[in-house]
1. Return the residues of the range 402-428 that are open to solvent by 10 Å² or more (accessible area, probe 1.4 Å) and either touching a Ser or Thr at 6+ places or on another chain (Cβ under 7 Å) or aromatic (Phe, Trp, Tyr) (or both); say none if nothing qualifies.
2. With the range 361-463 as the region, which helices (runs of 4 or more DSSP H) entirely inside it contain at least 1 residues that are modelled with pLDDT of 75 or more and assigned by TED's automatic domain parsing to the domain that holds Asn301?
3. Going through the range 223-237 one residue at a time, which ones are in a helix (DSSP H, G or I) and either open to solvent by 60 Å² or more (accessible area, probe 1.4 Å) or within 19 Å of Asp161 (Cα to Cα) (or both)?
4. So how many residues does the range 198-231 have that are within 12 Å of ligand 1 (Cβ to nearest atom) and within 19 Å of Leu172 (Cβ to Cβ)?
5. Give, as residue ranges, the strands (runs of 3 or more DSSP E) completely inside the range 22-122 that count at least 1 residues that are under 29 Å from Arg197 (Cβ atoms) and open to solvent by 60 Å² or more (accessible area, probe 1.4 Å).
6. Anything in the range 288-304 that is crowded, with 18+ Cβ neighbours inside 10 Å, without any contact (Cβ under 8 Å) to a residue 40 or more places away in the chain and touching a Leu at 6+ places or on another chain (Cβ under 9 Å)? List them, or say none.
7. If a residue has to be of a type in the set (D, E, K, R), more than 11 Å from Arg165 (Cβ to Cβ) and part of a helix (DSSP H, G or I) to count, how many in the range 190-214 make the cut?
8. Condition check: open to solvent by less than 60 Å² (accessible area, probe 1.4 Å) and more than 22 Å from the chain's Cα centre (by Cα). Does Thr346 satisfy that?
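The values are calculated or read from the model by the stated rules, or taken from the named source; none is laboratory data. Since the structure is predicted, the reported quantities are computational estimates derived from the model, not experimental observations. In this analysis, Cβ positions are derived from the backbone assuming ideal geometry, glycine residues included, and neighbour counts consider all displayed protein chains. Keep in mind that these areas ignore ligands, DNA and RNA; they rest on the heavy atoms of the full protein, side chains included. Shrake-Rupley method; radii C 1.70, N 1.55, O 1.52, S 1.80 Å.
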Amino acid sequence: MKWSFGEATENMASEVNPSVVTDPSPIVIPRDQHSISRKNISENALKVLYRLLNAGHQAFLVGGSVRDLLLGLLPKDFDVATSAHPDEVRRLFRNSRLIGRRFRLAHVRFGREIIEVSTFRSLLTTSTQGNGEDRDGEQHAVVSDRGVILRDNVYGTIEQDAQRRDFTINALYYTPADFSVYDYTGGMDDLERRQIRLIGDPQVRYREDPVRMLRGARFAAKLDFDFAEDTLRPIDDLAFLLEEVAPARLFDELTKLLLSGYSVRAWQELRKTTLLEHLLPLTWDALDDTMEDLILDAMHNTDRRIADGLPVTPGFLVAVLLWPALVEARASLLADGRPPADALHTAALEVIAKQQSRVAMPRRFSTFAKEMWELQPRLERRQASRVERLLQHPRFRAAYDFLLLRAKSEDALTDLGDWWERYQALDKTERSRIRADLGPTGTRRRGRRGSRSRSNSRAERRQ
Ligand code: ATP
Ligand code: MG
């Protein structure tokens, strides 16, 4: 019988043939011994699972959704693993498309929700030839001589698939064929112990894909788990491998780490090892206690905003993370005699360009950061004729929030933060009265401008 794709019911599922689960070796946790209930699973994910099962394939929920459901958390998305090949998945779902070169998988789209369906992967064997075929013409995954997986479209069994996943807590499988959880790697035990443990030899697994180090830090932060000792230990020596990862992928990973609502803890995870040094070398080089306090304050704010359902932008994150490097670069340009506005502008371009080669930030975010930085001296100067226009600037809010963060460690800025806060709350008449107090060139003390005031003011006018 074919299932209709309405609400899944007990009755429907009982008609699925449980014999599709064939592997004899896992620990099987039957439905009455775990906490996953279909009512917490996305209807669309259930549709995908049932259609695959009905077509005679194995189909499981796997990864973060199973892990989070078992922990009583709300899953972010639902990933499905199946014995069906990508082309078969494609044919079964009109609303699907195949993506990925290195890992070919299907995206099944239901409005805004995408269910990712991946075919069980086989164990890795290193190819002797670049095309992934050995002398018998059999397909193998391709691994570089440094151990990095280059191509990987060989399909296997669920047991092999489990060994290929990163952490034990991410390798738990749930199927509505019999409502059981299948554990091939000790993931249930690690959930219980609240630990992040890599499957297999950590050295090998990190070399295959260095991003796993960052993923481990992310899950530790998100779940408030600890690394298992042997999963943590190799990171200091292997973090340099991040240099080989595509910079765009590192940006994705960085935003997942620091913009998901647990960034304070994520930052601490990066700091525990040499990960920060290799992910954000510029930040690392320029970091001192004051700068770290500023970054942590920003992380606290970010986490609070996310908890309150407010938006957060990667642009702000970029501005905060690169601020220490920016300040340093600007100081050295100023020491070379560059006018302030020019020094700031040049330092911004320099710092962004350098970081770009490690973590590729989309241009709109680096521009956002640059605008935020360039607004700082303008907010500090409070030039009467410009104050209103500054308020209208699309980056005013972000720049002002950043000024408040800086004010916590820069005493000279404390009153400024208060001033801008008060000013924003005033009506039109009061604002113009306050502006009149400022005078045409703002409130900078004359002495600080010193003898360079003439050339500075020209540079400042350009801002
Ligand atoms: P999240 O809650 O962030 O979605 P997740 O565990 O679902 O966490 P995904 O990136 O959605 O993470 O990946 C889904 C699953 O695919 C993981 O749980 C893991 O089993 C597997 N996986 C993802 N990335 C890797 C990797 N780099 N190496 C090995 N397995 C991976
Ligand atoms: Mg996921």
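1. Ala407, Ser409, Trp419
2. Numbers: elements: 363-381, 387-392, 396-407, 414-425, 428-438, 446-449, 453-461.
Helices (runs of 4 or more DSSP H) meeting the threshold: 363-381, 387-392, 396-407, 414-425, 428-438.
3. We begin by selecting, within the range 223-237, every residue in a helix (DSSP H, G or I); these are 223, 229-232, 235-237.
Passing the criteria: Glu229, Asp230, Asp236, Asp237.
4. 11
5. The qualifying strands (runs of 3 or more DSSP E) are 27-29, 113-119.
6. Restricting attention to the range 288-304, the residues satisfying the condition of being crowded, with 18+ Cβ neighbours inside 10 Å are 291, 294-295, 298-299, 301-303.
Subset that is without any contact (Cβ under 8 Å) to a residue 40 or more places away in the chain: 291, 295.
If the condition is that a residue be crowded, with 18+ Cβ neighbours inside 10 Å, without any contact (Cβ under 8 Å) to a residue 40 or more places away in the chain and touching a Leu at 6+ places or on another chain (Cβ under 9 Å), then Ile295 is the only one that fits.
7. Matching residues across the range 190-214 total 5.
8. Values: open to solvent by less than 60 Å² (accessible area, probe 1.4 Å): yes; more than 22 Å from the chain's Cα centre (by Cα): yes.
Yes; evaluated as a whole, the condition is true for this residue.
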